[in-house]
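Please treat every number below as a calculation from the coordinates, not as lab data. Since we're looking at a predicted model, the values are computed, not measured. In this analysis, Cβ positions are derived from the backbone assuming ideal geometry, glycine residues included, and neighbour counts consider all displayed protein chains.
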Amino acid sequence: MGWGITPDDCKQKVDTLEWSNNLNLRKRLSGERTFPITIPLKAPKSSEAFSDIARFSDYIKVWRDWPNQDQVEWKKVAYRNSGIHEVPIKFSLNTFQEMVDFLGDHAQSKALFWQQLMEPLLQYDKSLYSVFVKNLTAFEKLSTTDIKLLVIILPQLKRHMGKGMYLRALPLIGADTKFLESNLTLFELILDHLNIGQVAIVGGIIAWLNCKENPKGLLSVRPLCPQTKKAMAGIPLLQMYSQDLYKYELPASNILVIENMQSGLALPEMEDTIAVFGGGRNLTWMKADWLQSKRVGYWGDIDSWGYALLNDARKNCPCVDSIMMDKSALDEHLERIVEEEIPYDGILRLLTAPEKATLKRLIENNGYVARLEQERLSSDFISTQLEKWRYSQ
């Protein structure tokens, strides 16, 4: 670079060494790397200056024109054969905000985003600033809506609250347990900070909450009340092959078929009801003769594939009711809608008129096909809607 560092040179250096260096950036935010940031401007020697008078003049002028002169240190230097000249020798950024303003639009927009993310966290607990800075990359993956959900969930998480339950069955209000599970590491870090290391000491957030580990494997059958559990020999969760389920009549009047495993684990207690879940597209067992005499509800994702699975379920068992796959569920959770990347494009003849209308609304959603995962529905909303279904017969 030689002599004569310009403002543009300084900007490139600060961007590379401070802003784009995640480790140094976090240290600046935390105060480990203190301000000011000081950059020597490499004023020329006499021989250098007067071998290129035009460049020397431009170097002086660009720093004379710099709007924040308190950031520039000047020094009188005696040059041979030309007398004394006042030249810039040092540039300094004295605060984090000065660095952001100096770097311009990309840094300002990022800093504003951080501020929007941090505000709800700091309102909840000011000490979370250190957690935010240490885990900046993880927090940046969240939206401002996600941060609000995080703050809604945090005060609800208590030691041992999940005793006897799976994580996805925690009785959260105003938030979905999928968000908790998807961001479990972040919740663990925050809770460990707020509880002075106790979460790490007991082995992590699952152990701290005293939740059961998630089962893995086959299609799952879960009785949802003491009576049905007793009728199933007291087994709280049974995994069965679909061909066995086809032959075995489940001892309940109400059968809930759930698309996703985690949503099945999160179901609340329901009288005279057994849930079958985790099978996804494996719905052939629903042709079972014994199922035709039951009240059958189906709950899946509100997207084109969810409706395709509902359509398949009705091919096997025409009496299926859909639950929480309608306009009301969609309207209640609009902010949690995402894009469906590869929609189902087949013909769905077995949907009801309201279901078709909801699917049409998803397809015509502002230029992209929308979807709402069943796991993003709030726990209290789910409980209310299941009760309505249970008592609407």
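What the table below lists for this structure:
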{"item": "Among Gly162, Gly174, Gly104, residue whose mean-square fluctuation peaks in a GNM of the chain (springs only between Cα atoms under 10 Å)", "result": "Gly104"}
{"item": "Equivalent ellipsoid semi-axes, the range 219-391, via Cα gyration tensor eigenvalues times 5, rooted, Å", "result": "27, 18, 13"}
{"item": "Note, ³J(HN,Hα) from phi for the range 343-353, Karplus 6.51, -1.76, 1.60, rounded to Hz, x at Gly and Pro", "result": "x, 6, 10, x, 8, 10, 8, 9, 7, 6, 4"}
{"item": "Whole-number D in µm² s⁻¹ for the range 37-181, Kirkwood Cα-pair radius fed into Stokes-Einstein, 20 °C, 1.002 mPa s", "result": "107"}
{"item": "Percentage relative contact order, the range 219-391, counting C-alpha pairs under 8 Å, at least six apart", "result": "21"}
{"item": "In degrees, nearest ten, helix 379-391 long axis to first principal axis of the chain (Cα)", "result": "20"}
{"item": "Over the chain: helical MRE at 222 nm, DSSP H runs n ≥ 4 each giving -39500 (n - 2.57), nearest 500", "result": "-12000 deg cm²/dmol"}
{"item": "The range 7-102: Rg to Rh, with Rh as the Kirkwood radius over Cα pairs", "result": "1.06"}
{"item": "Coordinate range along principal axes, alpha carbons of the range 1-55, Å, largest first", "result": "45, 17, 12"}
{"item": "The chain, relative contact order [Cα under 8 Å, separation at least 6], %", "result": "12"}
{"item": "Among Leu209, Leu136, Leu265, residue whose mean-square fluctuation peaks in a GNM of the chain (springs only between Cα atoms under 10 Å)", "result": "Leu136"}
{"item": "The range 1-68 - percent relative contact order, Cα under 8 Å, separation 6 or more", "result": "46"}
{"item": "Neighbour cut-off at most 12 other Cβ (10 Å), DSSP loop, GluC sites (Glu not before Pro), the range 1-60", "result": "Glu32"}
{"item": "Trypsin sites (Lys or Arg not before Pro) restricted to DSSP loop in the range 300-372 with at most 11 other C-beta within 10 Å", "result": "Arg349"}
{"item": "Alpha-carbon Rg with Dmax, taken over the chain, Å", "result": "31.0, 107"}
{"item": "Part-to-part distance (alpha-carbon centres) for the range 326-393 and the range 10-74, which is given in Å", "result": "56"}
{"item": "Using alpha-carbon coordinates, inclination of helix 105-124 to the longest axis of the chain, degrees", "result": "50"}
{"item": "Diffusion coefficient, µm² s⁻¹, Stokes-Einstein with Kirkwood Rh over alpha-carbon pairs of the range 106-209 at 4 °C and 1.567 mPa s", "result": "91"}
{"item": "Rg/Rh (Cα only; Kirkwood hydrodynamic radius) as it applies to the range 191-244", "result": "1.22"}
{"item": "Residue pairs, from the table Lys13/Lys141; Lys148/Lys294; Lys126/Lys158; Lys110/Lys158; Lys148/Lys230, whose Cα atoms sit over 30 Å apart", "result": "Lys148/Lys294; Lys110/Lys158; Lys148/Lys230"}
{"item": "Top of Ala370, Ala231, Ala252 by mean-square fluctuation, Gaussian network on the chain, Cα under 10 Å", "result": "Ala231"}
